[in-house]
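The numbers here are math on the coordinates, done by the rules we state, and not lab data. Because the structure is predicted, anything quoted here is derived from the model rather than measured. Ideal geometry is used to build each Cβ from the backbone, glycine not excepted, and the neighbour counts take in all protein chains shown.
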């Protein structure tokens with residue numbers, strides 16, 4: 001599923017005009033690192049995540065690997081924040097159930113969109 005999601009992000013990025021196509025590889029990598037670092041301080045869905053996804057899509061289109069080795073501290077911060085969010089969810093079983101239902105609905109919608117109309 002992760003690869004399909006990446007392909008969808010890349011396709012959306014291309015449809016929106018491929019805003020980062022004029023960056024050099026080095027500029028793109030630096031921009032990706034900056035966006036990843038910013039997201040690690042604010043690990044919530046939203047504008048920063050969308051910016052990072054666009055940089056990631058451009059990396060994917062160029063067949064460049066994201067430089068995770070260069071953002072180790074940011075990656076650790078992001079992992080810790082995600083673990084904290086997950087622990088808070090687990091501490092509230094009712095909210096956890098709601099989030100699980102939302103994720104299942106998102107997954108179902110994603111699958112239906114990928115499979116297209118039947119008939």
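Points to keep in mind about this one:
- The ranking of 62, 15, 77 by Cβ neighbour count inside 10 Å, starting from the fewest, reads 15, 62, 77.
- Burial ordering of 23, 59, 103, fewest other beta-carbon atoms within 10 Å first: 103, 23, 59
- Packing rank of 34-40, 96-102, where each peptide gets the mean count of other beta carbons within 10 Å, highest leading: 34-40, 96-102
- Sum of -39500 (n - 2.57) over DSSP H runs of 4+, divided by residues of the chain (222 nm, nearest 500): -25500 deg cm²/dmol
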